[in-house]
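S.K.: Okay, handing you the structure first.
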Amino acid sequence: MTNDVLQVSDDFWNIRGSYKIGGVIDVGTQTSLVRLASGKFVLLDCYTLSGAARRLVDDLTSGGEDIEAILNVHPFHTVHVNRVHEMYPGARLYGTARHLSKFPNLPWADLRTEDVALHEFYAEDFEFSVPRGVDFISDDENIHFSSVLVLHRASQTIHSDDTLMYLQLPGLMRMVGLGDSVSYHPTLAKALEKRAGAAADFRLWANELNDRWQDAENLCAAHTAALLARNNRGESIHARMVKALEKVEKTLKSHEEKWS
């Protein structure tokens, strides 16, 4: 099981995990440990820690006692929820509506991770954004486009599950400038709400996100890779996010034509 730790800043650690489709193809996953301004910690997403990663987290958090909350930000990322709660039972457990319905016996906090009230509670440390114009929890369980995106203010790091992806091809291709881009998850066309105005709502949301988070320096994406400022040999995160929106414009226009 992969437990590679990327120290993004003095207060942000991204842990790369393993998730195999059909037990064969490893598309990866992630969790992030973040130290708050208060000195306490939160985990963004659940992943079963082991080895050096578990020891690091436990050392930083006094054996988990200083982890005040676990925020599950993707409705369909549920595999490790039970195990991480068992590892850190003292942490407040937050989930989306789907987490609560899938695991009704867990001690969920009253607020959901998509709730504005929770976003306001953690506003000193984070900004949150929920995509508009798309199904947050799709009836089709194969559509995993939407998640609650999180920006850690102090390190200017975006934690994104599925919604925004960082794609890279190995070695030599990256050295010559190929195979390195930020994009939206390929299920956007199916995730758009089946109504007039949905594409416009998504476009407006994405433009607003690009403006609000234009100073972001790092992007930790679940199933692909992390793009950190110290390793970025190309355009800024902001420029890449602008291009990501441009790349889906054809999809958005097609939806508008269908639902005009």
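The values are calculated or read from the model by the stated rules, or taken from the named source; none is laboratory data. From a predicted model like this one, the values you see are computed outputs, not experimental measurements. Virtual Cβ from ideal backbone geometry, glycine too; neighbours counted across all protein chains shown.
S.K.: Does the range 244-252 contain at least one residue that is in a loop (DSSP other than H, G, I, E, B) and either in contact with a Gly (Cβ under 6 Å, 6 or more places away or on another chain) or free of Cβ contacts under 8 Å to residues at least 60 places away in the same chain (or both)?
M.R.: No.
S.K.: Follow-up. Yes or no: the range 178-192 includes at least one residue that is modelled with pLDDT of 95 or more, acidic (Asp, Glu) and surrounded by 14 or more Cβ atoms within 10 Å (Cβ to Cβ).
M.R.: No, there is no match, as no residue in the range 178-192 is modelled with pLDDT of 95 or more, acidic (Asp, Glu) and surrounded by 14 or more Cβ atoms within 10 Å (Cβ to Cβ).
S.K.: Okay, next question. Filter the range 40-56 for residues that are over 19 Å from Tyr94 (Cα atoms) and crowded, with 17+ Cβ neighbours inside 10 Å and give the result.
M.R.: Those that are over 19 Å from Tyr94 (Cα atoms) and crowded, with 17+ Cβ neighbours inside 10 Å: Ala53, Leu56.
S.K.: I've got another one for you. Name the residues in the range 59-84 that are without any contact (Cβ under 8 Å) to a residue 12 or more places away in the chain and surrounded by 17 or more Cβ atoms within 10 Å (Cβ to Cβ), would you?
M.R.: none
S.K.: Sticking with this structure for a sec: Among the residues of the range 198-224, which ones are part of a strand (DSSP E or B) and under 20 Å from Val134 (Cα atoms)?
M.R.: Once the filter is applied, which keeps residues that are part of a strand (DSSP E or B) and under 20 Å from Val134 (Cα atoms), the range 198-224 yields only Ala221.
S.K.: Starting from the range 117-129, take each residue that is surrounded by 17 or more Cβ atoms within 10 Å (Cβ to Cβ) and list its partners that are small (Gly, Ala, Ser), counting only C-beta distances under 8 angstrom and pairs at least six apart or across chains.
M.R.: Asp125/Ala37; Asp125/Ala154
S.K.: A follow-up question, please. Scanning the range 94-108 for residues that are part of a loop (DSSP other than H, G, I, E, B) and touching a residue at least 24 places away in the same chain (Cβ under 8 Å), which turns out surrounded by the most Cβ atoms within 10 Å (Cβ to Cβ)?
M.R.: Taking the candidates together, the pick is Thr96.
S.K.: A follow-up question, please. Residue check, Ala91 against (1) out of contact with any Phe, Trp or Tyr (no Cβ under 6 Å at 6 or more places or on another chain); (2) surrounded by 17 or more Cβ atoms within 10 Å (Cβ to Cβ); (3) over 27 Å from Trp205 (Cα atoms); (4) free of Cβ contacts under 8 Å to residues at least 40 places away in the same chain, all met but one. Which one?
M.R.: The one condition Ala91 does not meet is (4).
S.K.: Output the residue which, of all residues in the range 81-93 that are part of a loop (DSSP other than H, G, I, E, B) and in contact with a strand residue (DSSP E or B) (Cβ under 8 Å, 6 or more places away or on another chain), is farthest from Thr163 (Cα to Cα).
M.R.: Among those residues, the one meeting the criterion is Gly90.
S.K.: Is it the case that Glu208 is within 19 Å of the chain's Cα centre (by Cα), among the charged types (D, E, K, R) and surrounded by 14 or more Cβ atoms within 10 Å (Cβ to Cβ)?
M.R.: Taking the combined requirement at face value, the residue does not satisfy it.
S.K.: For Ala117, all conditions in the list (1) modelled with pLDDT under 95; (2) out of contact with any Phe, Trp or Tyr (no Cβ under 6 Å at 6 or more places or on another chain) hold save one; what is the number of the exception?
M.R.: All conditions are met except number (1).
S.K.: Within the range 55-99, work out how many residues are of a type in the set (S, T, N, Q) and modelled with pLDDT under 95.
M.R.: Qualifying residue count for the region: 1.
S.K.: Would you confirm whether or not the range 149-162 contains a residue that is farther than 24 Å from Leu118 by Cβ, out of contact with any Lys or Arg (no Cβ under 8 Å at 6 or more places or on another chain) and among the small types (Gly, Ala, Ser)?
M.R.: Scanning the range 149-162, I find no residue that is farther than 24 Å from Leu118 by Cβ, out of contact with any Lys or Arg (no Cβ under 8 Å at 6 or more places or on another chain) and among the small types (Gly, Ala, Ser), so the answer is no.
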